[in-house]
Amino acid sequence: MTPEQARVVLPGATVGVLGGGQLGRMLALAGSAMGYRFVALDPTEDGPAAQVGGGIRAAYDDREAARELAERCDVITYEFENVDAGVASMLMEQSYVPQGSELLYTTQHRLREKRAVEAAGARVAPYAEIRSEDELREAAARLGLPAVLKTATGGYDGKGQWVIRSEEEIPAAYAELSRAGTDLVLEQFIRFAKELSVVAARSSLGEVRAFPPAENVHVDNILHLSIVPARVAPDVLAEAERLALRIVEQLGAVGLVAVELFLTADGELYVNELAPRPHNSGHYTMEACRTSQFEQHVRAVCGLPLGDPSLLSPVVMANLLGQHVEPAIARLSVRDSEAERLGVAPKLHLYGKAEAKPGRKMGHVNVLAPDADAALAWIQGTGIWQAENEAIGS
């Protein structure tokens, strides 16, 4: 979208959200404080977003439901990238969808995404398109093992991928992932020192801003911690922000794009993935920045001036999975002398999901602190994330 095509959608208007999970919920909470109304389209009964705004219960590819959303809303956005791009394209004809469908089309397919990142002048891991087991063998020999075989579409939190460590694994890896019926891509395994991410915003009027980079720690392919400021050299932080801003501008994105990066021991940055929406690693912004990622997204798609993304406090965000919810509520519902001693302020966010299944993201805690060490000491001392902390130490 060009600035000439953009509209300014003022508070009082209704924002439609394709997707009604926790990201839609937190968008609605932030936007409601600004005076906007929200309606989410989602197949889940009493989903997280519908609890704080209006809801239309229907499948994401239900075109009649999408038309109802268009009739009820002044502007439409999406909270996750696996919504139906055809529905988004149809909505562009019937409503105002400043993000468009092109960015969805690009980021829903790993090969298209990698080519777009390369076109923006950023580095990605060497890769190859895979259409047969023979092609997989050839690419594995050329790129070297270990290498990561991934489905080109779908997949999150480590799903839809296989780290191939030996030639003997190739038949099983190909058989398993080819079952998905989508294109496959093999990526060279990057031996990274740290994982980073930058949430960048571009408004419909062309203004761009980036939040401070987060240092991310994953356990079993699920984000466990986001540490801000990231514990890397200042020039690396600056380069990460520069890459993120270049990518959102090159893509002509509207709204947020989270740029996930690998940092190698010799200081090289590789773009791993893009997410064209608010991102788990940006949840720290809710208390720790002058503007949260959710307010920024609303501002961007509504054509308002972007907010100041500056960091107000060091912070560590810790995800709450199903197994963490009860101990977290117990811990945070009473006075915490250890938090007082360390000078930290834990902020609890629960998503309103019906069932707390192990491994399911149910909420997060933002631990505001004088420094990252104090926040990490509190997280490690609570016992809430004992298994994850033991996995990091192993």
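The values are calculated or read from the model by the stated rules, or taken from the named source; none is laboratory data. These figures come from a predicted structure and were not determined experimentally. All Cβ positions, even for glycine, are placed from backbone atoms using ideal geometry, and neighbour counts span all protein chains on display. Please note that ligands, DNA and RNA were not included when accessible areas were found on the heavy atoms of the full protein model with its side chains. Shrake-Rupley method; radii C 1.70, N 1.55, O 1.52, S 1.80 Å.
Size estimate for the range 278-394 follows the Kirkwood approach: the inverse of mean 1/r over distinct Cα pairs works out to 15.2 Å. Here's how it looks for Glu273: its modeled amide H is under 5 Å from those of Glu260, which are all 5 or more places away or on a different chain.
About its Cα centre, the range 20-98 has a charge dipole of approximately 280 debye under the convention of +1 per Lys or Arg Cβ and -1 per Asp or Glu Cβ, with nothing else charged. When only alpha carbons of the range 334-394 are considered, Rg and Dmax amount to 12.9, 35 Å.
Over what distance in Å are the Cα centres of the range 115-142 and the range 78-94 separated? A separation of 28 Å, based on Cα centres.
The magnitude of the dipole of the chain, with charges of +1 and -1 set on the Cβ of Lys/Arg and Asp/Glu and taken from the Cα centre, is near 660 debye.
Probing with 1.4 Å while keeping every protein chain in the model, the per residue accessible area of the chain equals 42 Å². Debye-formula intensities of the range 1-105, expressed as log10 I(q)/I(0) at q = 0.13 Å⁻¹, are -0.40 (one equal scatterer per alpha-carbon, no solvent).
Can you tell which of Leu41, Ala244, Tyr105 lies farthest toward the positive end of the dipole of the chain, using +1 and -1 charges on the Cβ of basic and acidic side chains (Lys, Arg; Asp, Glu)? Farthest towards the positive end: Leu41. Sorted from longest to shortest, the spans of the Cα atoms of the range 1-45 along the three principal axes equal 38, 23, 13 Å.
When the alpha carbon gyration tensor of the range 150-242 is reduced to an equivalent ellipsoid, its three semi-axes come out at 32, 18, 12 angstrom, largest first. The alpha carbon centroids of the range 322-353 and the range 162-193 are separated by 39 Å.
If the viscosity is 0.890 mPa s and the temperature 25 °C, what Stokes-Einstein diffusion coefficient in µm²/s follows for the chain when Rh is the Kirkwood radius over Cα pairs?
On the way: Rh = 21.7 Å.
Taking Rh from Cα pairs, D becomes 113 µm²/s.
Straight Cα distances below 17 angstrom link Lys150 to the lysines Lys114, Lys159, with same-chain residues fewer than 8 positions distant left out. Set the Cα radius of gyration of the range 190-268 against 2.2 N^0.38 Å, with N its number of residues, and you get 1.11. Overall, the accessible surface of the chain at a probe of 1.4 angstrom is composed of carbon and sulfur to the extent of 47 percent. This model, with +1 at the C-beta of Lys and Arg and -1 at the C-beta of Asp and Glu, gives the range 318-391 a dipole about its Cα centre of some 360 debye. Taking the convex hull of the alpha carbon positions in the range 215-342 and averaging its projected area over all directions gives 9.9 nm². For the chain, the relative contact order works out to 14 percent when only alpha carbon pairs closer than 8 Å and six or more residues apart are counted. Per q in 0.11, 0.13, 0.14, 0.21 1/Å, what log10 I(q)/I(0) does a Debye calculation on the alpha-carbon atoms of the range 79-224 return? Log-scaled intensity ratios, in q order: -0.52, -0.72, -0.82, -1.43.
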